[in-house]
Structure formats: structure tokens, C-alpha cells
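Structure first, then comments.
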Amino acid sequence: MRPDEIESALQGLADEHRLRRRPLLSGPQEPRVKIDGRDYLAFASNDYLGLANHPAIRQAMQQAIDEWGVGGGASALVAGHFDIQQQAEAALAEFVGCEAALLFGAGYAANLGVITSLVGRGDAVFADRLNHASLNDGCLLSRATFKRFRHNDLEHLEQLLRDTPARSRLIAVDAVYSMDGDEAPLRELLQLAERYDAWLYLDDAHGFGLLGEGRGALVEYALHHPRVVYMATLGKAAGVAGAFVAGSRQLIAWLVNTARTLIFTTAHPPAQAAAVLQALQLMEQEKWRRELVKRHISLLREGLRATSFALCSSRSPIQPIIIGGNKETLQLAAALRERGIWVPAIRPPTVPAGSARLRVSLSAGHTHDDVAELLAVLLMLIC
Ligand code: PMP
């Protein structure tokens, strides 16, 4: 991109209804929120359990700021690894049933750091076509041969595994797909990983906190295995920020020594780890949050079943409504906004061309009436 090309490139995006901007929130992350100066009922957040503004987590973080200050100050390997983070790592490892865990500043950084630590030139990575962009970026950055298989197509994956010579292999998948809400066939993927001597890298950004009684996909599918590398983010259901990777002690020691997004970055604020510890407790104690989300999911799906809206096969709080065209999707999102409801319109390149959608995201922060209101407005708009 040359400096004089930006103006026309932006115009091109606008012409294709793909120009993006950041909606401005005035207030905490909650379903009833002021966006761009107007009050909305929002179905747009990944705060699936309604923890992002939980008083106990806020308090834990405030107290931790008094104790630990605000800044990490240095890379974790230099002088930025704190007691409280060590405690959070131990608690996270235990929560998901692994020997050890390692905190990262973000899921994006974790995916880049871990994948590049495990594979490089001469190796091969195999990625589902609907994987999150951060997994793809990790695969590209690793310089390993990069093969993408059709979504959840085990035969296609096996064919690629068979036909791709490599020293070391890694299969990377989302456990729950971020824009479709469906799940990867994890047990079968582990079988393939065993058969072809590969790592199975699991990005559970959208399953952690929900699947496996909140402990995530690893627990839900009993997938503890030396080949499985588990990653989950802490900014979604856990309501805070950051991410962790869990596995064997040896694996974590290797990542501490090689993951560039851990080594060459300033440690995240120690108070964040106190918030994570509190969030873990709530995820365990307040089971009603998962139950409530499940009821919201059923209510919405039942309500839309008899309509022309196309739903995905998702049991997760991610309930996309596929519209197809960018323009039509934007029009529907605008019609919802006129009625005080905020649902994001997701367009290419985030999703494949022709599959633009409304990404409804449900939360334990929503009430039954909130979901009923969304449903009523959607039904009105198509009649
Ligand atoms: N993986 C998946 C599947 C995601 O949906 C996201 C966030 N949208 C990430 C990774 C990145 O996580 P983070 O937001 O913590 O960087």
C-alpha cells in the first residue's frame, strides 16, 4: 500500500459495504449499554457468563491493584512474573486438568507464540478452513507448510496428512467456531493426530467457561493427552482479558523458553491475574449462569425454527443468523438498531463471501425478557 492509495482503497471498502469502524461504548460491558450515544439492548459481546462487570471480580482487581500496582514492568523472563500470576497459572492448570499452564497477554499472542514454538521450516500445519485468524497467522508465521482442510472434514484432513511429508506435524482447530458456534470433532481429530504423529492444538476461546461444566472442551471430551495442547482465552466467558496455554510441565517449560510472544512482550498487569482467580471461582460456584445461557439458546432457536432465517448447528451462545449478502445483512442490523437492538453484522473477510450474518451472542447477563424482545423484533422484521 502506497500512501496515495489509501483514500481509494477506503472508498473501495465503502462501495462493497465492508468499511469498518469501532462502535463506541459509554459504560461497562453489559447487555444494556450506550453505543455511539444511544441506548441499546446488545447481543454483541463474548461475555457469555456475564462476568465482565461482576462486582466480585471488580473488587478482586481493585484490591490487587493496591497490592501489586498497575504495570507488569518487564517481560516475564526478565522481571515481570509475579506470585499472583503463578497462582493463577496453577489454578487454571488444575481447573482444566493439566499439569501446568502459562499465561499470555491475549489469545492472539498465545496462538502466534505456541504454534511457532512447536513447528517451523520442514514441518507441516493443518488448519480447519474456519479457524480463527490468529491461528492462521500463527501457522503462516511458523514457516511450516500450511495446509487448510474443509471445515470439519476429517477425510480431507487425513488425505492432507497422508500426502504432506513433514518432520513434525500440528493440527490446529477451534474447539467451538467463533463465527458459526459449531464444534470440531475433537475425539476423531485426536485419533488422526495419533495415527499421523501430530500435535493437536486446540483453541477453546469459545468453549472455556461453558463446555465441560465450565472447564472447557478438554474436560467435556476427556481429551487429556500428551499430544494435545490446550489454549483458552480469558477475555470471553471468564470476563477478564488474556489467555492461557495448558499441557504437560515439559511443554510449558519449552514454551517459556521459546514462545516469542511471551519472551518479547511486557508481562500483563499482575492485578489481571487476581481477577482471573476470582472469575474461576465464580465459574465454578455460579452454575446458574451456564444454565441460564442454555435456556436463552433454546428460546432463540425454538423461536426462529419456523422462520426463513438460517441458523447454524450451534449449541453455544454464538447463534449466527446467516443472511448471505453484505448489503442485506447491514440493512437488517440497521433495522434492529432502529428498534433499539444491537447485533453485529459480520461480513467477509471475517466470514466467507456470500455468508454474511448477524452474529447473535447470548449471555447470562441477558434476561429471559431480553431474548424474547430480540426474538419478537426479528419475527416482526421478516413478516
Ligand atoms: N481464538 C479465537 C477462536 C477467538 O475467537 C479469539 C478472539 N476473537 C482469539 C483466539 C483471540 O483471543 P484474544 O481476544 O484474547 O486475543
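If I filter the stretch 269-277 for residues that are over 18 Å from VAL240 (Cα atoms), in contact (Cβ under 8 Å) with a residue 12 or more places away in the chain and of a type in the set (A, V, I, L, M, F, W, C), do I get at least one hit? No, that holds for no residue.
Of all residues being of a type in the set (Asp, Glu) and within 15 Å of the ligand (Cβ to nearest atom) in the stretch 132-183, which is farthest from the chain's Cα centre (by Cα)? Just the residue, please. Among them, the one singled out is ASP137.
Of the residues making up the stretch 113-131, those that are over 17 Å from LEU160 (Cβ atoms) and more than 16 Å from the ligand (Cβ to nearest atom) are SER117, LEU118, GLY120, ARG121. LEU304 satisfies every condition listed in (1) assigned to a helix (DSSP H, G or I); (2) modelled with pLDDT of 95 or more except (2).
In this structure, is GLU188 over 17 Å from SER363 (Cα atoms), at pLDDT 95 or above and in the same structural domain as GLN281 (by TED's automatic domain parsing)? The answer is yes for GLU188. Note on the stretch 185-208: among residues that are assigned to a strand (DSSP E or B) and aliphatic (A, V, I, L, M), the one that is farthest from the ligand (Cβ to nearest atom) is ALA198.
Can you find even one residue in the stretch 199-208 that is of a type outside the set (Gly, Ala, Ser) and surrounded by fewer than 21 Cβ atoms within 10 Å (Cβ to Cβ)? No, every residue in the stretch 199-208 fails to be of a type outside the set (Gly, Ala, Ser) and surrounded by fewer than 21 Cβ atoms within 10 Å (Cβ to Cβ).
Quick check: is even one residue across the stretch 177-184 without any contact (Cβ under 8 Å) to a residue 60 or more places away in the chain, more than 27 Å from GLY105 (Cα to Cα) and either in a loop (DSSP other than H, G, I, E, B) or not assigned by TED's automatic domain parsing to the domain that holds LEU280 (or both)? The answer is no; no qualifying residue exists.
Applying the criterion of at least 3 residues that are crowded, with 24+ Cβ neighbours inside 10 Å and not hydroxyl-bearing (Ser, Thr, Tyr) to the helices (runs of 4 or more DSSP H) found wholly in the stretch 215-291 leaves 270-285.
Per-residue answers, yes or no, for (1) surrounded by 19 or more Cβ atoms within 10 Å (Cβ to Cβ); (2) in a loop (DSSP other than H, G, I, E, B); (3) within 16 Å of the ligand (Cβ to nearest atom):
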{"residue": "ILE6", "(1), (2), (3)": "no, no, no"}
{"residue": "LEU10", "(1), (2), (3)": "no, no, no"}
{"residue": "GLY27", "(1), (2), (3)": "no, yes, no"}
{"residue": "GLU30", "(1), (2), (3)": "no, yes, no"}
{"residue": "VAL33", "(1), (2), (3)": "yes, no, no"}
{"residue": "ASP47", "(1), (2), (3)": "yes, yes, yes"}
{"residue": "GLN63", "(1), (2), (3)": "no, no, no"}
{"residue": "ASP66", "(1), (2), (3)": "no, no, no"}
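The residues of the stretch 92-121 that are among the charged types (D, E, K, R) and either closer than 16 Å to MET231 by Cα or in a strand (DSSP E or B) (or both), listed by number, are GLU94, GLU99. Residue check: PHE43 meets all listed conditions (1) in the same structural domain as LEU280 (by TED's automatic domain parsing); (2) touching a Ser or Thr at 6+ places or on another chain (Cβ under 9 Å) but one, namely (1). Taking each residue of the stretch 122-143 that is part of a helix (DSSP H, G or I) and looking for partners that are among the acidic types (Asp, Glu) with beta-carbon atoms closer than 6 Å, six or more apart or interchain, yields LEU135/ASP203. Residues in the stretch 212-259 that are farther than 30 Å from ARG195 by Cβ, of a type outside the set (A, V, I, L, M, F, W, C) and within 16 Å of the ligand (Cβ to nearest atom): GLY235, LYS236, GLY239, GLY242.
The values are calculated or read from the model by the stated rules, or taken from the named source; none is laboratory data. Since the model is a prediction, treat every value here as computed from it, not as a measurement. Heads up, the Cβs are rebuilt from the backbone with ideal geometry, glycines too, and the neighbour counts pull from every protein chain shown.
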